[in-house]
Amino acid sequence: MSSACINLSGMTTLLADSDHFTRGLTSQILRGFGAEPCTIVDTGAEAIQLLSHSFFDMCVMEAKLPDLSCVDLIRWIRRQKDNTARFVPILVLSSYTQLRHVSAARDAGANMVARKPISPQVLFDRVTWIGRVARPFVEAGDYIGPDRRFNNRTPPNGAYRRDTDDPAAIDAAGIPEDKTDSNMRVRP
């Protein structure tokens, strides 16, 4: 069985995060994957200044910057008609993963939201998912960003990571049959 290879060398990332520790951790993880060193900013205003005249392959931002929320920053990015920055993939990192926070970031035009603190595996999964899954760019009403609809498909190799991910393992009430950790499957 062949496995796909993801090459992140040369990938440029704008990292907007006010927390020194999280910035360093996220930046080091991305460098470990082969990406270029991140351009790091503390505030949304600094991110806007850089995005106004520079291109990045990806933007990673925390949900709550000191001067504005990720929702405001994402909306600004997506509404730049004469700037290719409007199409940049955006990954939001948030400590608050309640549905309303995730929905607000998604509805503003974020590609993906991940919970902080982020592990290398989760960051790699999100970055590669953004890179592999082509989602059309949509402008409808006041929404501008990647298509928010997801198709329920089986994993590419046909093997679910956990038994609880398999729709066949969920009963009619929508509750997994067995929630024990022994049901975890290791990816090939």
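The values are calculated or read from the model by the stated rules, or taken from the named source; none is laboratory data. Keep in mind that this is a model prediction, so the values were computed, not measured. Ideal geometry is used to build each Cβ from the backbone, glycine not excepted, and the neighbour counts take in all protein chains shown.
Pick from Ile40, Ile6, Ile118: which is hydrophobic (A, V, I, L, M, F, W, C) and at pLDDT 95 or above?
On the way: Ile6 fails: at pLDDT 95 or above; Ile118 fails: at pLDDT 95 or above.
Unique residue meeting the criteria: Ile40.
Scan segment 69-87 and report the pairs whose first residue is over 18 Å from Ala140 (Cβ atoms) and whose second residue is part of a helix (DSSP H, G or I) and among the hydrophobic types (A, V, I, L, M, F, W, C), with Cβ atoms within less than 7 Å and a gap of 6+ or a chain change.
From segment 69-87, the pairs are Cys70/Ala105; Leu73/Ala47; Trp76/Ile48; Ala85/Leu51; Ala85/Ile77.
Taking segment 67-80, which residues are in a loop (DSSP other than H, G, I, E, B) and either within 20 Å of the chain's Cα centre (by Cα) or aromatic (Phe, Trp, Tyr) (or both)? So that I can check it myself, show each step before the final result.
First pass over segment 67-80, keeping only residues in a loop (DSSP other than H, G, I, E, B): 67-68, 79-80.
Leu68, Arg79, listed by residue number.
Tell me yes or no: at least one residue of segment 42-58 is among the aliphatic types (A, V, I, L, M), in contact with a helix residue (DSSP H, G or I) (Cβ under 6 Å, 6 or more places away or on another chain) and more than 14 Å from Ala85 (Cβ to Cβ).
Scanning segment 42-58 turns up no residue that is among the aliphatic types (A, V, I, L, M), in contact with a helix residue (DSSP H, G or I) (Cβ under 6 Å, 6 or more places away or on another chain) and more than 14 Å from Ala85 (Cβ to Cβ).
I'd like the residue in segment 25-66 that is acidic (Asp, Glu) and under 19 Å from Gly109 (Cβ atoms) and, out of all such residues, is nearest to the chain's Cα centre (by Cα).
Let us first name the residues in segment 25-66 that are acidic (Asp, Glu), namely 36, 42, 46, 57, 62.
This time we only want the ones that are under 19 Å from Gly109 (Cβ atoms), so: 57, 62.
Working: Asp57: 13, Glu62: 11 Å.
Here the answer is Glu62.
Quick check on my filter: what residues within segment 9-37 are closer than 13 Å to Ile77 by Cβ and modelled with pLDDT under 95?
The answer is none; no residue qualifies.
Condition first: more than 20 Å from Val122 (Cα to Cα), part of a helix (DSSP H, G or I) and assigned by TED's automatic domain parsing to the domain that holds Arg126. Can you find one or more residues in segment 55-65 that meet it?
No, that holds for no residue.
Restricting attention to segment 89-124, report how many residues are part of a loop (DSSP other than H, G, I, E, B), crowded, with 21+ Cβ neighbours inside 10 Å and among the hydrophobic types (A, V, I, L, M, F, W, C).
1
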